[in-house]
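Report on the following structure.
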């Protein structure tokens, strides 16, 4: 398992691995001047689909906490990039 803080910029349609958890950015939407992202979290312990916003913290099935540092979206599309910081358990 990762034992250090880790940052990752993950574009829409891609995924990153944190410990034994895969996090995929499914889509990003922009409305009222802010972007939200829909992500999939998959591990041997489960699978979740979540909507996340800047500043959110997500429990990665006990492997650690994933913080949403930035959500960059493009109005009129589902494209963009989400920046995460992983804090291992």
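What's the number of the only condition in (1) buried (at least 17 other Cβ atoms within 10 Å of the Cβ); (2) over 11 Å from the mean Cα position of the chain (by Cα) that residue 20 fails to meet? Failing condition for residue 20: (1). The residue that is modelled with the highest pLDDT, counting only those in region 30-71 that are surrounded by 17 or more Cβ atoms within 10 Å (Cβ to Cβ) and more than 18 Å from residue 18 (Cβ to Cβ), is 36. Of the residues making up region 73-89, those that are surrounded by fewer than 17 Cβ atoms within 10 Å (Cβ to Cβ) and either over 17 Å from residue 20 (Cα atoms) or in contact with a helix residue (DSSP H, G or I) (Cβ under 8 Å, 6 or more places away or on another chain) (or both) number 7.
Among the residues examined, residue 72 qualifies as assigned to a strand (DSSP E or B) and touching a residue at least 12 places away in the same chain (Cβ under 8 Å). Of all residues being more than 12 Å from residue 83 (Cβ to Cβ) and in contact with a strand residue (DSSP E or B) (Cβ under 7 Å, 6 or more places away or on another chain) in region 3-12, which is surrounded by the most Cβ atoms within 10 Å (Cβ to Cβ)? Just the residue, please. Within region 3-12, the match that is surrounded by the most Cβ atoms within 10 Å (Cβ to Cβ) is 12.
Of the strands (runs of 3 or more DSSP E) lying entirely inside region 1-49, those carrying at least 2 residues that are over 15 Å from residue 67 (Cβ atoms) are 15-18, 21-31, 34-43.
The values are calculated or read from the model by the stated rules, or taken from the named source; none is laboratory data. Quick caveat: nothing in here was measured; it's all calculated off a predicted structure. Here Cβ is always computed from backbone atoms with ideal geometry, including for glycine, and neighbour counts include all displayed protein chains.
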